[in-house]
1. Would you check if residue 81 is touching a residue at least 24 places away in the same chain (Cβ under 8 Å), out of contact with any Cys (no Cβ under 7 Å at 6 or more places or on another chain), over 16 Å from residue 33 (Cβ atoms) and not aliphatic (A, V, I, L, M)?
2. Going by the structure shown, is residue 76 part of a helix (DSSP H, G or I), in contact with a Lys or Arg (Cβ under 6 Å, 6 or more places away or on another chain), over 25 Å from residue 97 (Cα atoms) and at pLDDT 95 or above?
3. Got a number for residues in the range 37-87 being within 15 Å of residue 27 (Cβ to Cβ) and open to solvent by less than 40 Å² (accessible area, probe 1.4 Å)?
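The values are calculated or read from the model by the stated rules, or taken from the named source; none is laboratory data. In this text, all values refer to a predicted model and were calculated from it rather than measured experimentally. Counting neighbours? That spans all protein chains shown, and the Cβs are built from the backbone with ideal geometry, glycine included. The area values use the complete protein model at the heavy-atom level, side chains included, leaving out ligands, DNA and RNA. Shrake-Rupley method; radii C 1.70, N 1.55, O 1.52, S 1.80 Å.
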Amino acid sequence: MLARTALVIACLELAGCAAFRPPASPPELARARAAIRAAEREGASADRRAALHLALARSELAQARRRISAGDLDGARWLLRRAEVDAELSTLVVREAGLRDAAGRTLDQAGTLAGGKDP
């Protein structure tokens with residue numbers, strides 16, 4: 001009887017291990033990763049303000065991964081949305097800086113073509 005009970009317990013433990021799956025990654029994880037990659041491609045690391053937002057996005061992504069591992073999907077989703085938004089903000093900051101530089105060059109060229117004086 002004892003052997004049969006031990007066998008049943010062993011089978012149940014094996015079945016429990018086989019049934020355990022790590023929590024599925026929420027779809028927000030892929031979006032946050034993509035937003036971070038886009039910010040990196042735009043050169044966010046080279047701009048001080050953009051780099052701060054990018055670092056924050058990376059930190060939030062790391063925190064979200066820990067929450068996913070712990071089974072806290074709601075908390076992870078919230079952090080992943082923040083990471084995505086911070087990465088997108090980083091991208092926008094880089095683009096804004098580029099547009100400001102281009103606008104300044106255009107104004108300089110317009111002044112030169114008009115024969116105006118340098119400001």
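1. Numbers: touching a residue at least 24 places away in the same chain (Cβ under 8 Å): yes; out of contact with any Cys (no Cβ under 7 Å at 6 or more places or on another chain): yes; over 16 Å from residue 33 (Cβ atoms): no; not aliphatic (A, V, I, L, M): yes.
For residue 81, the condition - touching a residue at least 24 places away in the same chain (Cβ under 8 Å), out of contact with any Cys (no Cβ under 7 Å at 6 or more places or on another chain), over 16 Å from residue 33 (Cβ atoms) and not aliphatic (A, V, I, L, M) - is not met.
2. Taking the combined requirement at face value, the residue satisfies it.
3. 8
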